[in-house]
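Below you'll find the structure, written out as structure tokens, and then a few comments.
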Amino acid sequence: MNIFLKANIKDIAQKEHAYFSQKHHADVALTQAKRQCKLMMGKPDTLLGIAAIGAYKGAVDAKPKAKRNQALITLGRTALLSLFQ
């Protein structure tokens, strides 16, 4: 009986180790995903400031449609490049 008990205890220890290892890797992956999302999207106040500046420039410019298109292309390019980093 003692041999089987030692084998079971060893098996339980290995499975606990595998569980905690997977849990650690999942936590690291979640933290990394959150960090990448924050870097890609930026802070809300920064994005709001950029949008406000763009809206002001579009309102006072003689060619608002061209400026709006340029701003959208720049924003899209920045998001796309942040996605691939």
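Summary of values
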quantity	calculated
Set Ala59, Ala66, Ala7: member being in a helix (DSSP H, G or I), more than 29 Å from the chain's Cα centre (by Cα), at pLDDT below 70 and of a type outside the set (Phe, Trp, Tyr)	Ala59
Options Ala79, Ala26: the member that is modelled with pLDDT of 75 or more, within 21 Å of the chain's Cα centre (by Cα) and part of a helix (DSSP H, G or I)	Ala26
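The values are calculated or read from the model by the stated rules, or taken from the named source; none is laboratory data. In this text, all values refer to a predicted model and were calculated from it rather than measured experimentally.
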